[in-house]
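The structure appears below as structure tokens.
Read-outs: derived from the displayed coordinates by stated rules, not from any lab. Given the structure is predicted, the values throughout are model-derived calculations rather than measurements. So basically every Cβ, Gly included, is an ideal-geometry build from the backbone, and we count neighbours across all protein chains shown.
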Amino acid sequence: MKLLAVPAFTDNYIWMLHDAAHAVVVDPGDAAPVLAMLDRLKLEIAGILVTHHHGDHTGGLAGLAERARQRGRVPPPVLGPAGSGIAGLTQTVAEGDTVELLGLGFQVLAVPGHTLDHLAYVARPAGEAPLLFCGDTLFSGGCGRLFEGTAAQMHASLGRLAALPADTRVCCAHEYTLSNLAFASAVEPDNAELAAHRAHCEALRARGEPTLPSRIGLERAINPFLRSGEAAVAAQARAQGAASDDPVAVLAAIRTWKNHYR
């Protein structure tokens, strides 16, 4: 299986997983870069997975369906969360479901916080590290804003993702890594692994390369939103107004701090 991060807009990635003939597409906010990649690699879409209802994750669905119809083909199945009015879904999925595409089982996890409908998908290709398509719940060095959910929901969702195997590849939907690591360095200035990874990612971006996918084991070591139980993170959260060292209170305080951090 080949994994591709297709750039879209200013900082989105649309993920594609393909077997040289067919592809699974995750969160196609824009049809154009997906179609260009499909044409370049001579691929057909086997299915589309949607993590949540925001337009930069769903805006390309109509264009991909129309392209299939123009070629006399049935549009690919589009799977995503129920209850959020996503136009173009052909099947709703929820916590506990497993979706079969490209001969792989994609396990569906409910991970509310950024939005209430947010899902993540975990695949385990034979002989390869697992894949996590987590949309805007988990970023490298960060997490999504709490637009609809609560800090408690986000803490629980991130905990579920952090419990995945350490080698799990983290395929998040935005190239936010450098800004996230700058903030993480303010939270944990003495974290040597964070400092080393930040330098590595700065070099990647200087070469025009993506910083993703990350790995769950790495995120456990550098991501303050997965480290709300650490004393150093809690101390910084208290300085930002957290009432206690409770991990949910810590996460809420550092998420609010991140919202205004420059």
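Some values worked out for this structure:
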| item | result |
| --- | --- |
| Separation of alpha-carbon centers, region 14-40 and region 174-243, rounded to whole Å | 29 |
| Nearest-0.05 FRET efficiency for residue 220 and residue 192, computed from C-beta distance (R0 22 Å) | 0.90 |
| Ranked list, fewest to most other Cβ atoms within 10 Å of each Cβ, for 13, 261 | 261, 13 |
| Anisotropy class of region 221-262 from Cα gyration tensor, a/c 1.5 cut | oblate |
| Neighbour-count order for 246, 117, fewest beta carbons within 10 angstrom listed first | 246, 117 |
| FRET efficiency for residue 42 and residue 126, using Cβ-Cβ distance with R0 set to 30 Å, rounded to 0.05 | 0.80 |
| Cα point-scatterer Debye curve for the chain, base-10 log of I(q)/I(0) at q = 0.08, 0.13, 0.15 Å⁻¹ | -0.31, -0.81, -1.05 |
| Pair residue 90, residue 206: separation of 7 Å Cα→Cβ label points (nm) | 4.7 |
| Percent antiparallel among DSSP beta bridges (both partners in region 2-260, rounded to 5) | 70 |
| 4 °C / 1.567 mPa s Stokes-Einstein diffusion coefficient of region 44-84, Kirkwood radius on C-alpha pairs, µm²/s | 119 |
| Residue exposure sequence - 258, 42 - by fewest surrounding Cβ within 10 Å | 42, 258 |
| Dimensions (Å) - region 143-234, Cα atoms, principal axes, largest first | 38, 28, 27 |
| Simple label model, 7 Å out from Cα along Cβ direction - residue 62 to residue 259, nm | 3.2 |
| Total formal charge among the other residues, if their Cβ is under 13 angstrom from that of residue 75, Lys/Arg +1 and Asp/Glu -1 | +2 |
| Theoretical gain in end-to-end length, residue 11 to residue 246 [0.36 nm per residue, Cα-Cα removed] | 81.3 nm |
| Full-extension gain in nm, residue 156 to residue 32, via 0.36 nm per residue minus C-alpha separation | 41.1 nm |
